[in-house]
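Below is one structure, written out as structure tokens; the observations come after it.
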Amino acid sequence: MPDAAILVLTSLPDHEGALALARSLVKGRLAACVNVGAPVESMYHWRGEIETAREVPGVKSCFWFESIEPM
């Protein structure tokens, strides 16, 4: 049983980048599962202005075992 489950939410600029990150994390066993979503419109403050960007959300599920040495 894992000591903790960690859920990481992130956004990437495009679908290809999101898939590349997902594959890398799962291949390296740094994430148990990665969900790549459909594009969304994000709004945020940047350098004193309100900006918008079309991004691809990603959800990473990770488990942390205190008893296992890092790879």
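Here are the numbers for the structure shown:
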read-out	value
Matching residues, the stretch 7-37, being of a type in the set (Ser, Thr, Tyr) and touching a Pro at 6+ places or on another chain (Cβ under 9 Å)	THR10, SER11
Search result, residues across the stretch 46-64 that are of a type in the set (Gly, Ala, Ser) and either under 12 Å from the mean Cα position of the chain (by Cα) or exposed (fewer than 12 other Cβ atoms within 10 Å of the Cβ) (or both)	GLY48, GLY58, SER61
Answer from ALA22, ALA5 - the residue that is modelled with pLDDT of 90 or more, out of contact with any helix residue (DSSP H, G or I) (no Cβ under 9 Å at 6 or more places or on another chain) and of a type in the set (Gly, Ala, Ser)	ALA22
Enumeration of residues in the stretch 15-45 that are surrounded by 10 or more Cβ atoms within 10 Å (Cβ to Cβ) and in a helix (DSSP H, G or I)	HIS15, GLU16, GLY17, ALA18, LEU19, ALA20, LEU21, ALA22, ARG23, SER24, LEU25, VAL26
The stretch 42-61 residues that are at negative phi, paired with ones that are in a loop (DSSP other than H, G, I, E, B) (beta carbon under 6 Å, 6 or more apart)	ARG54/PRO39; VAL56/PRO39; PRO57/GLY37; LYS60/ALA31; SER61/ALA32
Qualifying residue in the stretch 7-14 (condition: touching a residue at least 40 places away in the same chain (Cβ under 8 Å), surrounded by 10 or more Cβ atoms within 10 Å (Cβ to Cβ) and not in a strand (DSSP E or B))	yes
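The values are calculated or read from the model by the stated rules, or taken from the named source; none is laboratory data. Remember, it's a predicted structure, so these values are computed and weren't measured experimentally. Every residue, glycine as well, gets a Cβ built from its backbone with ideal geometry; the counts of neighbours run over all protein chains shown.
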